[in-house]
Amino acid sequence: MNDLAERQEAQAPAVAGETGAVLAMIERVATNPEADMDKLERLLDMQERVMNRNAMQAFSADMAAMQAELPTVAETAEGHNKAKYAPLEKINETIRPVLQKYGFAVTFRTEQQQGAVAITAVLSHRQGHTQESTLVLPNDTSGNKNTVQAIGSTVSYGKRYALCALLNISTGDDSDGKPPQAAGLNKEQAKRLRDALKVAGLDDTYICNATHITKLEDLDPLRLDAAINHLKAKAQGGDK
């Protein structure tokens, strides 16, 4: 039995026992003709909280294990100014086996805005918990693209960056001729991250040490959502 199967087998009894106890309480109340409906609703709310917490803990445990196995993706395509980058199909091909091994799947949502597109990468776990990373990018009108081409280019570019930010995937210097992101966090972004650190009972050094930066403001903005999601999980006891 491999490490993943052993870990899941070890977690299963505790999760099943807790969920089973709540379900047994709900069944007893529901079958009692004199049952207090307010109490039943409270028990249903409790069941939902237990299930959500268990799903988040399973997500965090599998995410941590998966991170150790996610490979660096080779830069096989050539963009503007002959800059090398990792295309979306190459990223998907490289990471899909590891995602499937740990019960994850990635989907995307897009929302067209005025002259821009919001691209959201959604990482879903088999037990129901999800995390997201969203980028809002201006339409890529370079190279005399028409409107449809500009949107398509922006969506493809955004999917790559949102996915890499969500999973902390390294592809090297992916600068394929597009305008670079602003260096580091702005004041509002840094405040959001510090607020998340405070809730988790941590300080700036936690992020600085984990991402090898000198100060919090040096963090790549593309990694902000993933960092905040991670801190939220720690604050709720789901990511040790």
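Each value in this text was obtained by applying a stated rule to the coordinates, not by laboratory testing. Every value quoted in this text rests on a predicted model; they were computed, and no experiment measured them. Quick reminder, even Gly has a Cβ in these numbers, built from the backbone with ideal geometry, and neighbours come from all protein chains shown.
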Using the Cβ atoms and a cut-off under 15 Å, what net charge is assigned to the surroundings of Ser133, where Lys and Arg are +1 and Asp and Glu are -1? +2
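Pop the C-beta distance of Cys208 and Lys84 into the FRET formula with R0 = 30 Å and round what comes out to the nearest 0.05. Please report the intermediate quantities before stating the final value.
Details: r = 29 Å, r/R0 = 0.97.
Between Cys208 and Lys84 the formula returns 0.55.
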Show me 203-209, 225-231 ranked by packing, highest mean number of other Cβ atoms within 10 Å first. 225-231, 203-209
Amide H proximity to Asn139 below 5 Å, modelled H, separation 5+ or other chain, gives Ala116, Val117
Across segment 192-198, in residue order, what do the Karplus-derived ³J(HN,Hα) couplings come to in whole Hz, using 6.51 cos²θ - 1.76 cosθ + 1.60 with θ = phi - 60° and x for Gly and Pro? 4, 5, 5, 4, 5, 4, 4
